[in-house]
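No value in this document is a laboratory result; all are computed from the given coordinates. This is a predicted model, so every value here is computed, not measured. All Cβ positions, glycine included, derive from the backbone under ideal geometry; neighbour counts span all protein chains shown.
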Amino acid sequence: MSTQNRRASLLAKQGRMQEARALIARLPERAGVDGAADRRTKAIAEAQLLKDAKDFSAAYDVLQAAAERAPQDYELIYQQANAAEKLKRHGEMERLLRRVIEIKPDYAYAYNFLGYSMADRNVRLPEAKELLKKAIELAPGDPAITDSLGWAEFRMGNLPEAIRLLETAYKAFPNAEIGAHLADVLWAAGQRDRALSILKECLLLDKEDEVLQETIKRLRVRL
């Protein structure tokens, strides 16, 4: 499966998306429960090809069809929610994530996804914080969730707590998106030299990161 996924990815990067999708579709499926897992893997792989090509609508359609065939498969529904978010269908995204939570109440990343999305859109911030606190309870110390909670604290105006959480997340997992969030909060707190230093680090980590590039553009800094 992984070998064929790599082949499909290469075909897609060459502009041969139809061939890439056909290659995934031809992968064999086992019988019974294993077959359900194979179908999930194939659907997610095909959708990822389309997401990489920025064809989020087609990715959503693939995942929706797969989820309709397996309505209790929370992983497929979670991926469908991700595609909905890319399409800015936030109501649909929220509905799908709440469905994931209903199916699997201990799935920390559904709470994290929903809470972070609310915080990032600056809506229903108290609810966002509660969702993220629940995610932290389910996955203590996870840097991605700590980052999300820090971002929610920032949106709520709690700069010292936001900085504390984001510094913890960035130290545990120094990636461009977390670093961009930390730099954003430091900038707002007046610590601009440190913010610029972290943004420079982030460019070395992943200069193509969308959150990083958006932050640099919004802050109007030259690095």
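Is any residue of region 58-75 close enough, with backbone N under 17 Å, to a label point placed 7 angstrom from the Cα of residue 87 along the Cα-Cβ axis, and if so, which?
Counting backbone N atoms under 17 Å from the label point, the list is 58-69.
May I ask you to sort 173, 56 by Cβ crowding, counting other Cβ atoms within 10 Å and putting the fewest first? Walk me through the numbers on the way to the answer.
On the way: 173 15, 56 19.
Ordered from fewest to most neighbouring Cβ atoms within 10 Å, 173, 56 come out as 173, 56.
Suppose R0 equals 22 Å. What FRET efficiency, 1/(1 + (r/R0)^6) with r the Cβ-Cβ distance, do residue 68 and residue 95 give to the nearest 0.05?
Plugging the Cβ-Cβ distance into 1/(1 + (r/R0)^6) gives 0.90.
Between residue 189 and residue 53, take the C-beta separation as r, use R0 = 45 Å, and let me know the FRET efficiency to the nearest 0.05.
0.70
List the residues, sorted by chain then number, that are 5 or more residues from residue 53 or on another chain and whose placed amide H is less than 5 Å from its amide H.
none
Could you give the DSSP H helices of the chain that reach 15 angstrom or more along their long axis (alpha carbon positions) and whose average Kyte-Doolittle hydropathy is no lower than -1.0?
Once both thresholds are applied, what remains is 2-13, 32-52, 56-69, 74-86, 90-103, 108-121, 125-138, 143-155, 159-172, 176-188, 192-206.
Please give, to one decimal in nm, the separation of the simple spin-label points placed at residue 214 and residue 161, each 7 Å out from Cα toward the Cβ.
Using points 7 Å along Cα→Cβ, the separation is 2.4 nm.
Near residue 104, which aspartates and glutamates are there with a Cα under 19 Å away, not counting those fewer than 8 places off in the same chain?
List returned: 68, 73, 75, 92, 94, 130, 137, 142.
So, in Å, what gap is there between the alpha-carbon centers of region 1-47 and region 49-97?
Answer, in whole Å: 17.
What ranking do 181, 90 get, fewest neighbouring Cβ atoms within 10 angstrom at the top?
Listed from fewest to most nearby Cβ atoms, that is 90, 181.
Can you classify region 64-104 as rounded, prolate or oblate using the Cα gyration tensor, where a ≥ b ≥ c are the square roots of its eigenvalues, rounded means a/c under 1.5, and otherwise it's prolate if a/b beats b/c and oblate if not? Could the numbers behind the result be given before it?
Details: a/c = 2.33, a/b = 1.38, b/c = 1.70.
It comes out oblate by the Cα gyration axes.
Could you estimate the translational diffusion coefficient of the chain from the Stokes-Einstein equation, with Rh from the Kirkwood formula over C-alpha pairs, at 10 °C and 1.306 mPa s, in whole µm²/s?
Numbers: Rh = 18.9 Å.
Calculated translational D: 84 µm²/s.
By counting other Cβ atoms within 10 Å of each Cβ, how are 41, 146, 3 ranked from fewest to most?
Fewest-to-most ranking of 41, 146, 3: 3, 41, 146.
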